[in-house]
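Only one structure is covered here, and it is reproduced in the block below.
The values are calculated or read from the model by the stated rules, or taken from the named source; none is laboratory data. Just so you know, these numbers come straight off a predicted model, no measurement behind them. Please note: Cβ atoms are built from the backbone with ideal geometry, for glycine as well, and neighbour counts cover all protein chains shown.
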Amino acid sequence: MNSQIRSLIAVGLLIASCQVTEKPIASTELSGVNEWSIERLEQKATDHLDSTKWDVKQLQFDKETYLKYNEVYNSFPLIQSPCPVAEYEYAVSSVPFILEVNGSVFKGYRIGEYESFESEKVIEKLTLLVLTNDKDSEETASVNSRNFPYLTAQGYFKVSSNEYDWVFSASPDGFSSLLVNMKLFDLRFGETVIIYPQSDKSFLYEQIKDSPNNYQDFEDFKKMIMNHPKVKNQLLSEKNG
């Protein structure tokens, strides 16, 4: 399946707020997960400036796709515009999920990258949960491979009278960050973030040093969240408040 077809599928899934997997045309360069030195990063930045190395077909397709789905792309916190990048090989993933804990409802996203272009294994980089208490609340995410070798994603959650915009980026050298309504989370100190909206439009939060990567089954990770003492205490205080 070529990159144009994959991207069209990604857009369709994006609109439906379902799992998104984006893979461009295969090139001679491997993704090199966990193999990026500062010298390689600098060379990739230089390649992006070299017009002889641009993926011209992908750029043209992006222009056509972004124009066709302009309203969708412009609904995100950051407007996404087509721009040229050097050819690359990288696969990214965004998976929505729902978690119920003692009558409380969380909605969330798992953002990650495939171990290699050919692999089916996803390495999770961010797990974001928001207490919505509404299975029908509106949320969506857009994960982007165009910043390769950096993983980027953005989205929003609309919860009763509150709305939470978020923007995420991860560097192959190990640094990653998440902005939620201008609150910065350094994910080196925990790749799982939980947001608790408050009635006065503020929010409380928890950052947990755990990840779906540490579990064979995502259901086991969800059980960890459900049984986490800080999550239980916060939900108890929410109900008593």
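Name the residue that is surrounded by the fewest Cβ atoms within 10 Å (Cβ to Cβ), counting only residues in the range 173-189 that are under 22 Å from Glu35 (Cα atoms) and at pLDDT 95 or above. Among those that are under 22 Å from Glu35 (Cα atoms) and at pLDDT 95 or above, it is Phe189.
The rows are residues; the columns are (1) without any contact (Cβ under 8 Å) to a residue 40 or more places away in the chain; (2) assigned to a strand (DSSP E or B); (3) more than 14 Å from the chain's Cα centre (by Cα); (4) assigned by TED's automatic domain parsing to the domain that holds Lys107.
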position: Phe157; (1), (2), (3), (4): no, yes, no, yes
position: Phe168; (1), (2), (3), (4): no, yes, no, yes
position: Ser177; (1), (2), (3), (4): yes, yes, no, yes
position: Ile194; (1), (2), (3), (4): no, yes, yes, yes
position: Lys201; (1), (2), (3), (4): no, no, yes, yes
position: Leu204; (1), (2), (3), (4): yes, yes, yes, yes
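Criterion first (on the phi < 0 side of the Ramachandran plot, modelled with pLDDT of 95 or more and buried (at least 19 other Cβ atoms within 10 Å of the Cβ)) does Glu138 satisfy it? Answer is no for this residue. Scoring Ala170 on the criteria (1) out of contact with any Ser or Thr (no Cβ under 9 Å at 6 or more places or on another chain); (2) of a type in the set (A, V, I, L, M); (3) under 17 Å from Asn213 (Cβ atoms) leaves a single failure, condition (1). All conditions in (1) under 16 Å from the mean Cα position of the chain (by Cα); (2) farther than 22 Å from Phe203 by Cβ; (3) not in a strand (DSSP E or B) hold for Glu124, with the sole exception of (3).
Close contacts from the range 37-64, counting a first residue that is modelled with pLDDT of 95 or more and exposed (fewer than 14 other Cβ atoms within 10 Å of the Cβ) and a second that is of a type outside the set (Lys, Arg) and not in a helix (DSSP H, G or I), with Cβ to Cβ under 6 Å and a gap of 6+ residues or different chains, come to Lys63/Pro82. Taken over the range 82-107, residues that are surrounded by fewer than 20 Cβ atoms within 10 Å (Cβ to Cβ) and not in a strand (DSSP E or B) amount to 7.
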